[in-house]
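For reference, the structure discussed in these notes is given below.
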Amino acid sequence: MKILHASFECYPIAKVGGLADVVGSLPKYQSNLNVKTLVVIPYYEKSFVKQQKLKEVSSGSILLDNTDYNYKVFSISGDKIKNDICLIHITNLLDREEVYGYQDENNRYLSFQFALLDWIIKDELTFDVIHCHDHHTALIPFLINYGYSYEKLRGTPTVLTIHNAQYQGHFSHEKLDMLPAFDFKHVGLLDWYGSVNPLACGIKCASRVNTVSPSYMNELKERANGLEGLLRSESEKCVGILNGIDTDFWNTETDDMLVKNYKETTVVSGKKANKKELCDRYGFNVDLPLFGFIGRLVGEKSADLLPEAIRQSINEYKEINVFVLGSGHKEIENQLKQIKEELPGKFNAHIGYDEELSHLVYAGSDFLLMPSRVEPCGLNQMYSLRYGTIPIVRRTGGLKDTVIDIGDAGFGICHDQPRVWDIYYSIGRAITLYKDTDTFRKIQKNIMKIDHSWEKSAQDYIDLYKSI
């Protein structure tokens, strides 16, 4: 079986969120199950890319908005590239440093999809399934089915994975002429509530649709930023498959970003050494419970609630430390900086993203805060479990599927609402658990044994491919 993964992100080349981690790991684990995979993403003008070996494997041209664009396809290899990956380069479109944040983003998404399909046809490549990830590639099923230029690909099965339904890529009908010629009687498949909606179109046209956790699929049928009815009507071809994590990379025994490696039997001493390093860097008392947060400072993550929840918790509970690693809305960043000035020795933050620091936070924290409003799957809670750090989560999406509350004979701390009070109360429960040293240490050891590797999920995807 030969699978093409089309995505705008892939770790370690270009990462903004969990999409990159999935596309960077799933194909590798599928390859271990005798499935041949190829990942195709845009070219990014990043130092990491320049340090790898690039080989031009194809070239061609596409028409976009009445302009001819030449594209080149490069294979990429290096010590950190674990599977077959190709990059599509288009001057002035797919040669940027950042993944997102440009005014011409829709043109970039379209050019990537057009060039990818053109390359497949021109070089007579064949795949058993084309796996599209999020709205950036969600027009591929429509183009394969109805685009006149892509008749050779008719009948190729497609899978669309929804990593986050909040982002749908919609644009005006006035830009319809940017698409290659297609059978116009099917134009309605492109429309959803008065605009061209790539994600909605992908849901309609793909052979199968999946989300990255079972609970998220159920939630989207009730709240999906306008796609609820569509997902209910297409429910027969929809399924939720829980993400996994790369346990080779996220491995406390071999992680070279930690100051001390450890395993279940040495979790106490290992975490203590990493916690001490974190506390020394940021002015914390190593004897107090340390709460970490890693993620984007946006409403989806309930980051707007963090400043007040942190302030209340420190002022009321006194003997705790909180550390935040992330970036996002400037107002939230500024509020956190203010708390940093107000509560030195109790709170600190690193505004931005630092991969090495994130590993130290997972290893050195006692608890990880994830009070998300929306969490399609969540990987951070799986990383924290792997590193012996107890997750504090809101029951939503994949968090609901992966974390069981200690009150239900589980191993985490859960709450139901994205509210300041719920976060504050959950931190209080965590402090009580921390003081019960025997139970706390037992949970730390047990959660490191939980298997959230990609093996099962990779097989679930293969079974999904076989069904089509």
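The values are calculated or read from the model by the stated rules, or taken from the named source; none is laboratory data. Note that the structure is predicted; figures quoted are calculated from it, not measured. Reconstructed Cβ throughout: ideal geometry from the backbone, glycine too, with neighbour counts over all protein chains shown.
Which residue out of LYS318, LYS301, LYS346, LYS340 is buried (at least 24 other Cβ atoms within 10 Å of the Cβ) and among the basic types (Lys, Arg)? Explain how you work it out, then say what you get.
Working: LYS318 fails: buried (at least 24 other Cβ atoms within 10 Å of the Cβ); LYS346 fails: buried (at least 24 other Cβ atoms within 10 Å of the Cβ); LYS340 fails: buried (at least 24 other Cβ atoms within 10 Å of the Cβ).
That would be LYS301, the only listed residue that is buried (at least 24 other Cβ atoms within 10 Å of the Cβ) and among the basic types (Lys, Arg).
Is it the case that some residue within the stretch 293-312 is over 25 Å from THR402 (Cβ atoms) and in contact with a strand residue (DSSP E or B) (Cβ under 9 Å, 6 or more places away or on another chain)? Spell out the reasoning first.
Taking the stretch 293-312 first, the residues over 25 Å from THR402 (Cβ atoms) are 307-308, 311-312.
Then keep just the ones that are in contact with a strand residue (DSSP E or B) (Cβ under 9 Å, 6 or more places away or on another chain); that gives 311.
Yes, there is a match, as at least one residue in the stretch 293-312 is over 25 Å from THR402 (Cβ atoms) and in contact with a strand residue (DSSP E or B) (Cβ under 9 Å, 6 or more places away or on another chain).
Pick from LEU176, LEU189, LEU143, LEU160: which is touching a Pro at 6+ places or on another chain (Cβ under 8 Å) and assigned to a helix (DSSP H, G or I)? I'd like the intermediate steps shown before the answer.
Working: LEU176 fails: touching a Pro at 6+ places or on another chain (Cβ under 8 Å); LEU189 fails: touching a Pro at 6+ places or on another chain (Cβ under 8 Å); LEU160 fails: assigned to a helix (DSSP H, G or I).
The conditions single out LEU143.
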**Prompt:** For residues in the stretch 70-95 being surrounded by fewer than 17 Cβ atoms within 10 Å (Cβ to Cβ) and over 27 Å from ASP248 (Cα atoms), which is nearest to the chain's Cα centre (by Cα)?
**Reply:** ASP95
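State all residues of the stretch 60-113 that are under 18 Å from THR37 (Cβ atoms) and at pLDDT 95 or above; if no residue qualifies, say none.
Going through the stretch 60-113, the residues under 18 Å from THR37 (Cβ atoms) turn out to be 73-78, 80-88.
Residues satisfying the conditions are VAL73, PHE74, SER75, ILE76, SER77, ASP84, ILE85, CYS86, LEU87, ILE88.
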**Message:** I'd like to check something: does the stretch 432-452 contain any residue that is over 24 Å from LEU360 (Cα atoms) and either outside the structural domain of ASN321 (by TED's automatic domain parsing) or within 25 Å of the chain's Cα centre (by Cα) (or both)?
**Reply:** no
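Of all the residues that make up the stretch 210-230, how many are in a helix (DSSP H, G or I), among the polar types (S, T, N, Q) and either touching a Leu at 6+ places or on another chain (Cβ under 7 Å) or buried (at least 18 other Cβ atoms within 10 Å of the Cβ) (or both)? Please lay out each step first, then the result.
If we filter the stretch 210-230 for residues that are in a helix (DSSP H, G or I), which is where we start, we get 214-220, 228-230.
Going one step further and asking which of them are among the polar types (S, T, N, Q), we end up with 215, 218.
Still in the running and either touching a Leu at 6+ places or on another chain (Cβ under 7 Å) or buried (at least 18 other Cβ atoms within 10 Å of the Cβ) (or both): 215.
Looking only at that region, the number is 1.
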**Request:** For the stretch 333-346, state whether one or more residues are without any contact (Cβ under 8 Å) to a residue 40 or more places away in the chain, under 24 Å from THR247 (Cα atoms) and out of contact with any Cys (no Cβ under 6 Å at 6 or more places or on another chain).
**Result:** no
**Any pair with Cβ under 7 angstrom, 6 or more apart, that starts in the stretch 398-409 at a residue that is at negative phi and of a type in the set (Val, Ile, Thr) and ends at one that is surrounded by fewer than 23 Cβ atoms within 10 Å (Cβ to Cβ) and in a helix (DSSP H, G or I)** = ILE406/LEU433
**Prompt:** Considering only the stretch 34-57, how many residues are within 22 Å of LEU125 (Cα to Cα) and part of a loop (DSSP other than H, G, I, E, B)?
**Reply:** 3
